[in-house]
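Note sheet for the following structure.
The values are calculated or read from the model by the stated rules, or taken from the named source; none is laboratory data. In this text the structure is predicted, and so the values were computed from the model without any measurement. Here the Cβ positions follow ideal geometry from the backbone for every residue, glycine too, while neighbour counts run over all protein chains shown.
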Amino acid sequence: MSVSAERLQKVMARAGLGSRRGLEAEIQAGNVKINGQTAKLGDQVSVGDQVNYQDTIYKVLSSQPIHRTLVYHKPEGEITTRDDPERRKTVFDRLPPLKDSRWIAIGRLDINTAGLLLLTTDGELANQMMHPSSQIDREYLCRIRGHVTDEQVEQLRQGVMLDDGPAKFTDLAVGETTQGHTWVTVTLMEGRHREVRRLWEAVGAQVARLKRVRFGPVFLPARVRSGRYEELTAKDHLILREDAGLVSQAAELVLVNERSGGRAARPSRPHHTKKRNRRRH
């Protein structure tokens, strides 16, 4: 099945050139051209069109989508941004190189948070999973200093007011207390900046350690040690797309860098998730 035409920002986002919202702003600012003409918001592209963006010319082609997605066990002390002025370690330093594509992090973990980080070449999947409307839950293991009270648990389940709006855990299970710390597993339906830590701080508790153990249908396997990664199979990638509300396409429009002759974001060969009913609380 071929694709006749798609919105410009969707094809650019799939190529990993930015988020749809960010690319829409670039189009509105007049920074994108189609076939030599300044693009307008709402423009579509078809096979054979040329897209000029950031001094690079891309050709639009139709291709069978073959994406790669990684499960990475992020250690504490690494940042999720690609470049850092302070030259701190970044998760991208450990990933396998890509010839004509780039890894896109699906959400972020702050420097002091460890655990599951998903990275993909599928820009459409990354943008969809990060969008609040997708309602994809994230599960964290928290080590809280001291004892967690019933009152704190009830507050966090009912919701508290943070500086960027109300927030709550959609699920919370208190585990054992050892050496003056309480282990708690929590679930969120969104991923605001430092939201787990800020929720605990709002009820007077302090997080000593934080680890993400699940993102949607993907769990962090025990076999994937800190600083290591594992690649998903094509079937698991499809489960991710379905869980995010995306359909599988027999073909899609892609961008090829005309100068190098390589694809701007080449989705390539993708190993484990279980399809499940998404939890709602």
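If I filter the range 201-234 down to residues being assigned to a helix (DSSP H, G or I) and assigned by TED's automatic domain parsing to the domain that holds Thr185, which single residue comes out as farthest from Val71 (Cα to Cα)?
Here is the first cut: in the range 201-234, the residues assigned to a helix (DSSP H, G or I) are 201-202, 234.
Cutting the leftovers down to assigned by TED's automatic domain parsing to the domain that holds Thr185 gives us 201-202.
Values: Glu201: 29, Ala202: 31 Å.
Checked the range 201-234; the qualifying residue farthest from Val71 (Cα to Cα) is Ala202.
Can we say Leu70 is under 23 Å from Arg138 (Cβ atoms), under 23 Å from the mean Cα position of the chain (by Cα), surrounded by fewer than 16 Cβ atoms within 10 Å (Cβ to Cβ) and not charged (D, E, K, R)? First the steps, then the outcome.
On the way: under 23 Å from Arg138 (Cβ atoms): yes; under 23 Å from the mean Cα position of the chain (by Cα): yes; surrounded by fewer than 16 Cβ atoms within 10 Å (Cβ to Cβ): no; not charged (D, E, K, R): yes.
No: the conditions fail for Leu70.
For the range 74-88, state whether one or more residues are part of a strand (DSSP E or B) and buried (at least 21 other Cβ atoms within 10 Å of the Cβ). Quick ask: steps written out before the conclusion?
Going residue by residue through the range 74-88, those that are part of a strand (DSSP E or B) are 74, 79.
Narrowing the set further to residues that are buried (at least 21 other Cβ atoms within 10 Å of the Cβ) leaves 74.
Yes; the residues of the range 74-88 include at least one that is part of a strand (DSSP E or B) and buried (at least 21 other Cβ atoms within 10 Å of the Cβ).
Among the residues of the range 43-59, how many are under 25 Å from the mean Cα position of the chain (by Cα) and either farther than 28 Å from Glu231 by Cβ or assigned to a loop (DSSP other than H, G, I, E, B) (or both)? Lay out the reasoning, then the answer.
Step one: list which residues in the range 43-59 are under 25 Å from the mean Cα position of the chain (by Cα), which gives 53-54, 58.
If we keep only those that are either farther than 28 Å from Glu231 by Cβ or assigned to a loop (DSSP other than H, G, I, E, B) (or both) too, we end up with 53-54.
Qualifying residue count, the range 43-59: 2.
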task = Test Leu119 against the criterion of being in a helix (DSSP H, G or I) and either in contact with a His (Cβ under 9 Å, 6 or more places away or on another chain) or modelled with pLDDT of 95 or more (or both), and give yes or no.
result = no
message = I'd like to check something: does the range 205-222 contain any residue that is aromatic (Phe, Trp, Tyr) and surrounded by fewer than 19 Cβ atoms within 10 Å (Cβ to Cβ)?
response = yes
inquiry  = I need the full set of residues from the range 157-186 which are among the hydroxyl-bearing types (Ser, Thr, Tyr) and under 19 Å from Arg145 (Cα atoms), in order please.
reply    = Thr177, Thr178, Thr182, Thr185
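Do you know which residues across the range 89-110 are of a type in the set (A, V, I, L, M, F, W, C), crowded, with 17+ Cβ neighbours inside 10 Å and either part of a loop (DSSP other than H, G, I, E, B) or in the same structural domain as Leu17 (by TED's automatic domain parsing) (or both)?
Of all residues in the range 89-110, those of a type in the set (A, V, I, L, M, F, W, C) come to 91-92, 95, 98, 103-106, 109.
Subsequent filtering for residues that are crowded, with 17+ Cβ neighbours inside 10 Å retains 91-92, 103-106, 109.
Correct list: Trp103, Ile106, Leu109.
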